[in-house]
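The values are calculated or read from the model by the stated rules, or taken from the named source; none is laboratory data. This one's a predicted model, so the numbers in the text were calculated from it and none came from an experiment. Note that each Cβ is placed from the backbone with ideal geometry, even for glycine, and that neighbours are counted across all protein chains shown.
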Amino acid sequence: MRVAVIGVGSLGQHHARIYAALPQADLRAVVDQDGPRAAEIAARHGVPGLRHHCELPDDLDAVSVAVPTTRHAGITRECLERGLHVLVEKPMAANLAEAEEMLRASRRSGRLLFVGHTERFNPVVRATAALVRGPRFIEAHRLGMFTARSVDVDVVLDVMIHDLDVILSMVPSPVAAVDSVGVNALTDKIDIANARIRFENGCVANVTASRISTDKVRKLRIFQADSYVSLDYATQEALAYRLQRGSGGGAEIVREPVNVQQEEPLRSELRAFLARVRGEEAPGVTAEEGLRALSLAFDILAQIGGGPASRGSADAG
């Protein structure tokens, strides 16, 4: 597949690195409005470094879009209209109206639009998926140290949305209610937030995200009848706990490690994206799923700001 990367900053440079190494990909160019940055990343991989996506060659199959969130919608729409398949980084867009238009553009063009929720491709998430059966309570903690990388969006859109997407993929039920709180401690955006999400089937998720912590924590615990699973996104390790009842009526908790085949999640995601472009069966976070996670994130932000959370899925027509 002939591919290019638009935006080669802290994250986009890794899209370029992985595409350049994948046998399924032929990296043709990288784009960044910072000319020296485009030239630097291009030189690493022996491809042209361009200043604008309009300069991309005509024979491409697909692109990764890893520019700042506020530019996602326009660039993604133009690439889809050119007939390119697109993987756009999370969050899908800066607002729901833009995300809905991106989805409509994908449908009009007949081209794939996937959203880069990389944690869905974390091997530990995929390894524990078969163990998740009817979760009743989910607890997520995603804490990180402050960087200036994504201060253009709130911590809910930058950090928490990873766990929102994973949780939505695990709970087959609409969201019934959201109760959230957030603080803009260091920037003019929300830097730390907590959301309690209640689903119509009774499951409750308690999600905490921070980008001003002293330690890095990325953990998820799923509790269900007679068992629970604890996973660490960062170490790609997981433990399953279950209640084992003896013949005499007694019971004990059995602790079992989960077998995880470790791999860089972004590499797995890009390989799957290319497979889907080729028409093969492969996992992926669709534009509809990206829009659902974004809608929940904005419900959380609305509640933090004192407005009513608007339940119900966003209508992309």
The residue that is farthest from the chain's Cα centre (by Cα), considering only those in segment 117-130 that are more than 22 Å from Val175 (Cα to Cα) and either of a type in the set (Gly, Ala, Ser) or in a helix (DSSP H, G or I) (or both), is Ala130
For Glu269, state whether it is modelled with pLDDT of 95 or more and surrounded by fewer than 13 Cβ atoms within 10 Å (Cβ to Cβ).
no
Looking at segment 61-71, which of its residues are assigned to a loop (DSSP other than H, G, I, E, B) and surrounded by 20 or more Cβ atoms within 10 Å (Cβ to Cβ)?
Ala66, Val67
Whether any residue in segment 238-257 is outside any strand (DSSP E or B) and surrounded by 12 or more Cβ atoms within 10 Å (Cβ to Cβ) is what I want to check.
no
Out of Ala130, Ala177, sole residue that is without any contact (Cβ under 8 Å) to a residue 12 or more places away in the chain and outside the structural domain of Ala73 (by TED's automatic domain parsing)
Ala130
Here is a list: His141, His162. Which entry is within 23 Å of Asp299 (Cβ to Cβ), touching a residue at least 24 places away in the same chain (Cβ under 8 Å), outside any loop (DSSP other than H, G, I, E, B) and in contact with a helix residue (DSSP H, G or I) (Cβ under 6 Å, 6 or more places away or on another chain)?
His162
Can you tell me which of (1) in a helix (DSSP H, G or I); (2) surrounded by fewer than 16 Cβ atoms within 10 Å (Cβ to Cβ) is the one Asp215 doesn't meet?
(1)
Please state which of the following conditions Pro36 fails to meet, knowing it meets all the rest: (1) assigned to a loop (DSSP other than H, G, I, E, B); (2) exposed (fewer than 14 other Cβ atoms within 10 Å of the Cβ).
(1)
Among the residues of segment 72-107, which ones are part of a helix (DSSP H, G or I) and under 21 Å from Leu296 (Cα atoms)?
His72, Ala73, Leu96, Ala97, Glu98, Ala99, Glu100, Glu101, Met102, Leu103, Arg104
So which of Ala275, Ala282 is in contact with a helix residue (DSSP H, G or I) (Cβ under 6 Å, 6 or more places away or on another chain), surrounded by fewer than 18 Cβ atoms within 10 Å (Cβ to Cβ) and either hydrophobic (A, V, I, L, M, F, W, C) or assigned to a strand (DSSP E or B) (or both)?
Ala282
Segment 275-305, residues that are more than 17 Å from the chain's Cα centre (by Cα) and not β-branched (Val, Ile, Thr):
Ala275, Arg276, Arg278, Gly279, Glu280, Glu281, Asp299, Leu301, Ala302, Gln303, Gly305
What number of residues in segment 285-317 are in a loop (DSSP other than H, G, I, E, B) and at pLDDT below 95?
13
Within segment 202-239, can you find the residues that are polar (S, T, N, Q) and within 24 Å of Ala127 (Cβ to Cβ)?
Asn206, Thr208, Gln224, Ser227, Ser230, Thr235, Gln236
Say whether the condition of being closer than 20 Å to Val153 by Cα, at pLDDT below 95 and hydrophobic (A, V, I, L, M, F, W, C) is met by at least one residue in segment 244-259.
no
Val8 vs. criteria β-branched (Val, Ile, Thr), in a strand (DSSP E or B) and surrounded by 18 or more Cβ atoms within 10 Å (Cβ to Cβ)
no
Kindly list, by first and then second residue, each pair from a residue in segment 231-248 that is touching a residue at least 24 places away in the same chain (Cβ under 8 Å) to a residue that is of a type in the set (A, V, I, L, M, F, W, C) and assigned to a loop (DSSP other than H, G, I, E, B), limited to pairs with Cβ atoms under 8 Å and residues at least 6 apart or on different chains.
Leu231/Val258; Gln236/Val260; Glu237/Val258; Glu237/Val260; Ala238/Val258; Ala238/Val260; Ala240/Val258
How many residues are modelled with pLDDT of 95 or more and either hydroxyl-bearing (Ser, Thr, Tyr) or crowded, with 17+ Cβ neighbours inside 10 Å (or both) if we restrict to segment 94-111?
11
So Leu168, is it over 19 Å from Gly305 (Cα atoms) and part of a strand (DSSP E or B)
no
